[in-house]
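Engineer: The structure under discussion is supplied below as structure tokens; questions concerning it will follow.
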Amino acid sequence: MADAAVDAVRVILRQCAESKTVKRVIHTASVSAASPLIDVPGAGVGAAGYKGFIDESCWTSLDVDYPLRSAHFDKYVLSKVMSEKELLSYNDGESPAFEVVTLPCGLVAGDTVLGRVPETLEFAVSPVSRKEPYFMFTRQLQRLLGSMPLVHVDDVCDALVFCMHRPSLSGRFLCSGAYPTIHDITGYYATKYPHFDVFKESEEVARVPAAADKLGELGFRYKYGMEQILDDSVDCAVRLGYLDATKLSP
């Protein structure tokens, strides 16, 4: 999977260069490639802790172990890390023909133009849908990242347009409108639907904040925070028949 992803990136970059018309390549990457997990000295081989924050300098290392880790998710993460690094390395070449920007996005939710609920939105509403495999993924992501970064799909679209309109821009920019923990998310759902038995995380988890907002420093503003992202996600899931609205009402 990882080798195929890197090969695809190289083909795209080569074709963009050969076109002689491309000015900037903007890639929607995954925040799963930006884990702040680090080795903890003296705590045993592979024992994990976290940096004090998550930022663009963070790269997920598969040499650091963490709870609920799975081989399947490892393959996904490795492909995201290797493909994004390959993209960004183009900026360091001799006389690059264009600029490369990557936006490692948090869990994209809120809405969709599809006629079905996309998988990322299934993850976002999993405490309410009570679908264990999807909720398990959110638990994995929490442990990988020290938070559950969320971003509304509308904000992702706006961020892409923002990056297109900059006179010059290259490099890596995290794209998340909120960095709640899984407890924040399940707690919000439990408060919103007190009559409903939402899934909850039973264990204590870390809270790793974002160090800064590089896109924000350039003038970009997110329109959606955690609560509206979750509310819009539930509304979308109801509209598409994924959630039963009658069960959410008292």
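Coordinate-derived values only; no laboratory data. Treat the numbers as computed from the prediction; the structure is a model and nothing was measured. Here the Cβ positions follow ideal geometry from the backbone for every residue, glycine too, while neighbour counts run over all protein chains shown.
Engineer: If you take every residue apart from Leu121 with its C-beta less than 14 Å away from the C-beta of Leu121, what net charge results, scoring Lys and Arg +1 and Asp and Glu -1?
Structural biologist: That works out to -4.
Engineer: Please report, in whole Å³, the volume per residue of the convex hull around the C-alpha atoms of region 32-126. Don't skip to the end; give the middle numbers.
Structural biologist: On the way: hull volume 15.1 nm³, N = 95.
Residue-normalised Cα hull volume stands at 159 Å³.
Engineer: In nanometres, what is the gap between the two model label sites at Asp154 and Lys131, each 7 Å from Cα along Cα-to-Cβ?
Structural biologist: 2.4
Engineer: Near Arg166, within a Cβ-to-Cβ distance under 10 Å, what is the net charge of the other residues, with Lys and Arg +1 and Asp and Glu -1?
Structural biologist: So the environment of Arg166 carries a net charge of 0.
Engineer: Suppose R0 equals 25 Å; then what is the FRET efficiency for Lys223 and Thr28 from their Cβ-Cβ distance, rounded to the nearest 0.05?
Structural biologist: 0.90
Engineer: Just to verify a number: FRET efficiency for Ser57 and Leu248, C-beta to C-beta distance, R0 = 41 Å, to 0.05?
Structural biologist: With R0 = 41 Å, the Cβ-Cβ based efficiency is 0.50.
Engineer: What is the gain in length, in nm to one decimal, between Met164 and Asp197 on full extension, counting 0.36 nm per residue of separation less the C-alpha to C-alpha distance?
Structural biologist: Once the chain is fully extended between Met164 and Asp197, it gains 7.5 nm.
Engineer: Sticking with this one: Between Glu56, Glu94, Glu86, where does the largest GNM mean-square fluctuation fall for the chain, given springs only between Cα atoms within less than 10 Å?
Structural biologist: In the Gaussian network model the winner is Glu94.
Engineer: For Ala210, list long-range residues whose amide hydrogen, built 1.01 Å from N in the peptide plane, is under 5 Å from its own amide hydrogen.
Structural biologist: Amide H neighbours of Ala210: Ile54.
Engineer: Connecting C-alpha atoms closer than 10 Å in a GNM of the chain, tell me which of Asp63, Asp111, Asp55 has the biggest fluctuation.
Structural biologist: Answer for the Gaussian network model of the chain: Asp63.
Engineer: Among Val156, Val11, Val108, which comes first, second and so on when ranked by fewest other beta-carbon atoms within 10 Å?
Structural biologist: Listed from fewest to most nearby Cβ atoms, that is Val11, Val156, Val108.
Engineer: What FRET efficiency, computed as 1/(1 + (r/R0)^6) with R0 = 25 Å and r the Cβ-Cβ distance, is obtained for Asp39 and Met1, rounded to the nearest 0.05?
Structural biologist: Values: r = 25 Å, r/R0 = 1.01.
Efficiency computed from Cβ-Cβ geometry: 0.50.
Engineer: Next question. Determine Rg/Rh for region 45-184; Rg is computed over alpha-carbon atoms and Rh is the Kirkwood hydrodynamic estimate from the same atoms.
Structural biologist: Using only Cα positions, Rg/Rh for region 45-184 is 0.98.
Engineer: Now for a different question. Find which of Leu160, Cys16, Gly146 sits farthest along the positive direction of the dipole of the chain, computed with +1 on the beta-carbon of Lys and Arg, -1 on that of Asp and Glu, about the Cα centre.
Structural biologist: Of Leu160, Cys16, Gly146, it is Cys16.
Engineer: Could you list the GluC sites (Glu not before Pro) in region 149-250 that lie in coil according to DSSP, counting only those with at most 16 other Cβ atoms within 10 Å of their Cβ?
Structural biologist: The qualifying sites are Glu203, Glu204.
Engineer: Further, regarding this structure: Taking all pairs of distinct Cα atoms, average 1/r, flip it, and tell me the Kirkwood hydrodynamic radius of region 2-248 in Å to one decimal place.
Structural biologist: Values: mean 1/r = 0.0524 Å⁻¹.
For region 2-248, the Kirkwood estimate is 19.1 Å.
Engineer: Rounded to the nearest 20 debye, what is the charge dipole size of region 2-248 about its Cα centre when +1 sits on each Lys and Arg Cβ and -1 on each Asp and Glu Cβ?
Structural biologist: Rounded to the nearest 20 debye, it is 280 debye.
Engineer: Along the three principal axes, how long is region 131-249 when you take its alpha carbons, biggest first, rounded to the nearest angstrom?
Structural biologist: Computed over region 131-249, the largest-to-smallest principal extents equal 51, 33, 23 Å.
Engineer: Which ³J(HN,Hα) values, rounded to whole Hz and listed in residue order, are derived for region 106-114 from phi using the Karplus coefficients 6.51, -1.76 and 1.60 in 6.51 cos²θ - 1.76 cosθ + 1.60 with θ = phi - 60°, glycine and proline given as x?
Structural biologist: Taking θ as phi minus 60°, the curve returns x, 5, 7, 8, x, 5, 7, 9, 6 Hz for region 106-114.
Engineer: Just report the Cα centroid separation between region 195-250 and region 69-105, whole Å.
Structural biologist: 27
Engineer: Could you work out the mean projected area of the convex hull around the alpha carbons of region 74-140, in square nanometres to one decimal?
Structural biologist: Mean projected area for region 74-140: 6.4 nm², to one decimal.
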